[in-house]
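To start, the structure under review is shown below, and the notes come after it.
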Amino acid sequence: MSSPAIEIKGLTKSYGNVHALNGVDIKINEGEFFGLLGPNGAGKTTLLKVLLGLLEPTSGLVQLNNIPISKVSRKSVASHIGYLAQGSPCHWPLTVEKVVELGYLSRGKARNNDTASKLSLSDQAINKLGLSSLRHRLVPTLSGGERQRVAIARALAQEAQYLLLDEPTAHLDLAYQIEVMDLVANIRIQSGITVLSAMHDLTLAAQYCDRVAILNEGTIHSIGTPWDVLTPDTIYETFGAHVTVLPHPDNGTPVIIPTRNTNLPPPGN
Ligand code: ADP
């Protein structure tokens, strides 16, 4: 079996006396779509930031294709990883075209840096994400969904091998949530990119992720397919919420339905 694209072993990260991650082990296969779930404060963002080289782990090992990230320069890590930050990314007062080109340039000297390939890769990414009519718009003037599309186009122009997403659908309308997740899923199939996404919406995660892990208080509570992990017991133990889990009528993935605690009659009665 081939080695994992991302391997995290015994990862611990403390901020002073706050233990945000406590001995986390995860192996993610090449081309896999992996969802990182868990309640607020579980350590999801911290884990993504360690992978990006933005935070030093307190202890443990993180490897990309068998190479410890401690042995790779921050610039090199950044050039191989596309990142969509939480909330509305790309606040820079730059045009769509420029931001996507910066993705290409972030690969640095290691690649053929001529203008023709820059234009072609950036153009391809802009076209693929349906951004042609917005290419001269300043990114801060775009909607949240459009900005997410720019961030994905940037990662494509960068030819990233890994895509890390931190709650990519937070603050987006329902249609944009599906659009962003569909785009990531399609790009991952077309380019074989490995996707690790922190996600808030369990039902949405179950429709896109091959495997998911629930992180709780800095440790992995459970890991496996969405059906293995997203059980009412597990969700109660980690999120403290009562839910019912049913198969999606169209695609059979688990749908997580919150159950209210109150004994009041249903609305309208
Ligand atoms: P999540 O993304 O799952 O919501 P985070 O990784 O943001 O979780 O946070 C994990 C824990 O670490 C929380 O208790 C949070 O308050 C704490 N934390 C995060 N960043 C810092 C920081 N810069 N300084 C101190 N504590 C932090």
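Cβ-Cβ distance of H242 and H171, R₀ of 25 Å, FRET efficiency by 1/(1 + (r/R0)^6): the value works out to about 0.45. Note on the chain: with a GNM built from Cα contacts shorter than 10 Å, the maximum mean-square fluctuation among L215, L246, L183 falls on L246. Run the helix sum for the chain: -39,500 (n - 2.57) per DSSP H stretch of 4+ residues, divided by residue count, reported at 222 nm to the nearest 500 deg cm²/dmol. My calculation for the chain gives -10000 deg cm²/dmol from helical runs alone.
Ignoring ligands, DNA and RNA, what percent of the accessible area of segment 171-269 is carbon or sulfur (1.4 Å)? Answer for segment 171-269 is 54 percent, counting heavy atoms of protein chains only.
Once the Cβ-Cβ distance of H221 and I178 is raised to the sixth power relative to R0 = 30 Å, the FRET efficiency obtained is 0.65. Positive end of the dipole of the chain (Cβ unit charges, origin at the Cα centre): among S106, L183, V243, the Cα lying farthest that way belongs to S106.
The simple Förster model, with R0 at 41 Å and r as the Cβ-Cβ distance, assigns S132 and S73 a FRET efficiency of 0.75.
Excluding ligands, DNA and RNA, the accessible surface per residue across the chain is 48 Å² with a 1.4 Å probe. Seen against the Cα atoms of the chain and their longest principal axis, helix 144-157 is set at about 50 degrees. Convex hull volume per residue, computed on the Cα atoms of the chain, equals 161 Å³.
Placing a pseudo-label 7 Å from each Cα along the Cα-to-Cβ vector at L264 and K98 gives an inter-label distance of 5.2 nm. Taking the longest Cα principal axis of the chain as reference, the axis of helix 174-191 is set at about 60 degrees.
Among the GluC sites (Glu not before Pro) within segment 173-261, not one is in coil by DSSP while having at most 14 neighbouring Cβ atoms inside 10 Å. Taking T12, T259, T203 as the candidate residues, the one with maximal mean-square fluctuation in a Gaussian network model of the chain, Cα springs under 10 Å, is T259. The residues neighbouring V195, those whose beta-carbon lies less than 10 Å from its own, together hold a net charge of -1 under the Lys/Arg +1, Asp/Glu -1 convention. The gain in end-to-end length when the T58 to H200 segment is fully stretched comes to 48.5 nm, 0.36 nm per residue minus the alpha carbon separation. Between amide H atoms placed 1.01 Å from N, distances below 5 Å from L165 occur with L84, L196, S197, A198, all of them 5 or more places distant or on a separate chain.
The values are calculated or read from the model by the stated rules, or taken from the named source; none is laboratory data. The structure displayed is predicted, hence computed values, not measured ones. A quick note on method: Cβ atoms are made from the backbone with ideal geometry, for glycine too, and the neighbour counts reach across all protein chains shown. Each accessible area value is taken on the protein alone, full model and side chains, heavy atoms only, with ligands, DNA and RNA left out. Shrake-Rupley method; radii C 1.70, N 1.55, O 1.52, S 1.80 Å.
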